[in-house]
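The structure under discussion appears below in the form of C-alpha cells.
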Amino acid sequence: MTKIASASPLNIAVVGAGIAGLACANLLAEHGVAVTVFDKARGPGGRMSTKRLDQGHLDLGAQAFTVRDPAFKSAVADWGASGLVAHWPLISYQASSNGWQLHNDLPLRYSGVPRMSAITRHLADSFQTHPQTALQLATRIEALQRSPEGWQLQDAEGYGHGPFDYVVLTTPPPQTLPLVAPWDETLAEACRTREQRSCWAAWAVLDGPLPIPPGGQSDWQMARIEHPALRLVSRNQTKPGREQQPESLSLMAHLDWSDTHLEDDPQVVAESLWAAFTTLFPASTPLPARINSGAHRWRYAQPSTADDQLYLYSDSGLAMCGDSFTASRVESAWVSGRQLAQALVDRSVQNKAW
Ligand SMILES: Cc1cc2nc3c(=O)[nH]c(=O)nc-3n(C[C@H](O)[C@H](O)[C@H](O)COP(=O)(O)OP(=O)(O)OC[C@H]3O[C@@H](n4cnc5c(N)ncnc54)[C@H](O)[C@@H]3O)c2cc1C
C-alpha cells in the first residue's frame, strides 16, 4: 500500500457515515490520510440503519445485499469471518391475495449479524483505530466555506470545522446540492440531474407467530408482494443472530405509493401497510396482534435512475460518491466510496499536491 509521504498529512472531511462514506474514509485512513467523518445522525449507518426496540432489532433500510464486485466479495468474506454477515434470505416468496409461491431464484444475498447496522458500526470502529481520524456524529453540515487554508465546514449549531484539503460528500444529491452549489457548478448540476425517490418503511412486532400463509410454509423469511401499497416484507426474527426476538416484520412500501403518501402521518402509514399485509391471508384467518408498530419515511431512499459513473471529483477540492452514482444498493455504495478514495490517493501521489 502506498502511504502518502508528506510533512503534514492530507486532511479530508467526509460528510455522511453511511457505507459509502465509511468505505471511503477507511481506505483513505489506511493510506495515512487524516480523515474526519461527519454525520447528522446519532449513529453511523445511514440507509443501513436498524431500529432498536425493546422487543428486538428491525432493519428499516437495506434488508439484504448482493455481492458481485471482487473487492466487495473479499470485504464481505472478512466480515463473514468476524461473524458480521451471513447468508439471508434462503426462503423467499412471491405473495398476493391469490396465494404465496416459493421464489428463490434471487442471487445469493447477505445480511448483517445481528443487525444490518453491525457492518457500518464495524467500519466506523475500524476507521477510528487509525491515527488522525475522527467521527463526529450529531453534526449536520449546513455550509462549506473556502479559505486560503482550505475548506471549512459549518454545522447547524454554527460551529466551524477545518480547514480540510478535500471534502467528500456522500449525502444524497438533494442534500448535497446546497453545499456545493455556491462553489462548483459541475457538481451542482450532477446533483440536479440525480433525482431521488422516497420510500416509507413500516414495522410491526406481533404478540405471536404468524399462521402458515396460503400455499406457503411457516419458515418463510422474505416475500415480494403484489399489492398497490406494499412491495416487500421481511421477518427480522429469521435473520441470523435474532432468533430470540418475537415475530417482527419490516414492511416496505412501493415507491409510487410512497410518493402519493409522502406527507401522511407515520402511524397512518403503518396502519395502511399492515392492512395491505393482512390481505395476503384469508379474511377468516386470525392474525396475532401488533404490540409495537410505526413507520419511517426515507425522503431520499434511492435514485430514480441508475448511472454508470461511480463518483465525481473536481479541482475545486470537492468530491461526491454514494449509491446515487450507480444503483441503489449497499454494494454499489461501498464500491463508489472505495473507488473515490483510491482515485484521491492516486491523484495525490501523482501530483504530490492537491
Ligand atoms: C427502504 C430501503 C430499502 C433498501 N433495501 C436495500 C436492499 O435490500 N439491498 C441493498 O443492497 N440496498 C438497499 N437499499 C439501498 C441501500 O441502503 C443504499 O444504497 C446504501 O445504504 C446507501 O449508502 P450511502 O452511504 O450511499 O448513503 P446513506 O446511507 O444515505 O449515507 C448518507 C449519510 O449522510 C448523512 N447526512 C445527510 N445529510 C447530511 C448533512 N447535511 N450533514 C451530515 N450528514 C448528513 C445521513 O445521515 C446518512 O448517514 C435500501 C434503501 C432503502 C431506503
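The values are calculated or read from the model by the stated rules, or taken from the named source; none is laboratory data. Since the model is a prediction, treat every value here as computed from it, not as a measurement. Neighbour counts are summed over all protein chains in view; Cβ atoms, including those assigned to glycine, are modelled from backbone coordinates with ideal geometry. These accessible areas exclude ligands, DNA and RNA; they are computed on the full protein's heavy atoms, side chains included. Shrake-Rupley method; radii C 1.70, N 1.55, O 1.52, S 1.80 Å.
Magnitude of the Cβ-charge dipole of region 3-141, K/R +1 and D/E -1, about the Cα centre, nearest 20 debye?
Dipole of region 3-141, to the nearest 20 debye: 260 debye.
Where a ≥ b ≥ c are the square roots of the eigenvalues of the C-alpha gyration tensor, would you call the chain rounded, which needs a/c under 1.5, or, failing that, prolate if a/b is larger than b/c, or oblate?
prolate
Would you kindly find the accessible area of residue 40, with a 1.4 Å probe and non-protein molecules such as ligands, DNA and RNA excluded, rounding to the nearest 10 Å²?
Result for residue 40: roughly 110 Å² accessible.
Express in whole angstrom the spacing between the alpha-carbon centres of region 268-331 and region 103-119.
Using only Cα atoms to place each centre, the spacing works out to 15 Å.
How many nm is it between the label spots at residue 224 and residue 108, if each spot is 7 Å from the Cα in line with the beta carbon?
2.0 nm
Using a 1.4 Å probe on the protein chains only, how many percent of the accessible area of region 284-354 belongs to carbon and sulfur?
Carbon plus sulfur share of accessible area: 45 percent.
Rounded to the nearest 500, what is the 222 nm mean residue ellipticity of the chain from helices alone, with -39500 (n - 2.57) per DSSP H run of 4+ residues and division by all residues? Don't jump to the answer; show the numbers that get you there.
Numbers: 8 runs with 93 residues, N = 354.
Taking each H run of at least 4 residues, the total per residue is -8000 deg cm²/dmol.
Given axes a ≥ b ≥ c from the Cα gyration tensor, I'd like to know whether region 130-206 is rounded (a/c under 1.5), prolate (a/b larger than b/c) or oblate.
Judged from the Cα gyration tensor, region 130-206 comes out oblate (a/c at least 1.5, b/c at or above a/b).
Which of the three applies to region 1-105, rounded, prolate or oblate, going by the alpha-carbon gyration tensor with a ≥ b ≥ c and a/c under 1.5 meaning rounded?
Details: a/c = 3.15, a/b = 1.96, b/c = 1.60.
It comes out prolate by the Cα gyration axes.
Testing the spin-label approximation: label points 7 Å from Cα along Cα→Cβ at residue 244 and residue 101. State their distance in nm.
Here the answer is 4.0 nm between the modelled labels.
What share of the DSSP beta bridges in the chain is antiparallel, in percent to the nearest 5? All intermediate terms of the calculation are to be shown ahead of the outcome.
Details: 47 of 67 bridges.
Percent antiparallel among DSSP bridges in the chain is about 70.
Quick check: with the 1.4 Å probe, what order do 197, 192 take by accessible area, largest first?
From most accessible down to least: 192, 197.
Would you kindly find the accessible area of residue 218, with a 1.4 Å probe and non-protein molecules such as ligands, DNA and RNA excluded, rounding to the nearest 10 Å²?
Surface open to solvent at residue 218 totals about 70 Å².
For the chain, set up a Gaussian network in which alpha carbons nearer than 10 Å are linked by springs, and say which option among 268, 330, 85 fluctuates the most.
268
To the nearest 10 degrees, how steep is helix 330-351 against the longest Cα principal axis of the chain, on a 0 to 90 scale?
10 degrees
Can you work out the base-10 log of I(q)/I(0) for region 266-319 at q = 0.29 1/Å, using the Debye formula on its C-alpha atoms alone?
-1.17
Treating the angle as unsigned and between 0 and 90°, give the value, to the nearest 10°, between the Cα long axis of helix 19-30 and the longest Cα principal axis of the chain.
For 19-30 against the chain, the angle is about 40 degrees.
Using a 1.4 Å probe, what is the accessible area per residue for region 1-130, in Å²? Don't skip to the end; give the middle numbers.
Numbers: 5400 Å² over 130 residues.
Using a 1.4 Å probe on heavy atoms only, each residue of region 1-130 averages 42 Å².
Taking H as built 1.01 Å from N, whose amide H comes closer than 5 Å to the amide H of residue 197, not counting residues under 5 places away?
For residue 197, the qualifying residues are 301, 302, 304.
Counting Lys and Arg as +1 and Asp and Glu as -1, each charge on the Cβ, what is the dipole of the chain about the Cα centre in debye, to the nearest 20?
Computed about the Cα centre, the dipole is about 580 debye.
About the Cα centre of region 235-320, how large is the charge dipole given +1 on each Lys and Arg Cβ and -1 on each Asp and Glu Cβ? Please answer in debye to the nearest 20. Display every interim value, and only then the final one.
Working: 6 positive and 11 negative charges, 101 e Å.
Approximately 480 debye in magnitude.
Below 22 Å Cα-Cα, how many Lys pairs turn up in the chain? Only count pairs eight or more apart in sequence, or on different chains, if you could.
For the chain, the number of qualifying lysine pairs is 4.
Taking R0 as 30 Å, what's the FRET efficiency between residue 94 and residue 271 from their Cβ-Cβ distance, rounded to 0.05?
So, using R0 = 30 Å, E works out to roughly 0.75.
Under a 1.4 Å probe, what is the accessible area of region 142-215 per residue, stated in Å²?
Each residue of region 142-215 exposes 45 Å² on average to a 1.4 Å probe.
How much FRET efficiency would the formula 1/(1 + (r/R0)^6) give for residue 347 and residue 285, where r is the Cβ-Cβ distance and R0 is 41 Å, rounded to 0.05?
Details: r = 61 Å, r/R0 = 1.48.
Plugging the Cβ-Cβ distance into 1/(1 + (r/R0)^6) gives 0.10.
For region 58-129, what % of the accessible area comes from carbon and sulfur atoms, probe 1.4 Å? Provide the component values of the computation, followed by the final result.
Values: 1560 of 3140 Å².
Taking all protein chains in place, region 58-129 shows 50 percent carbon and sulfur surface.
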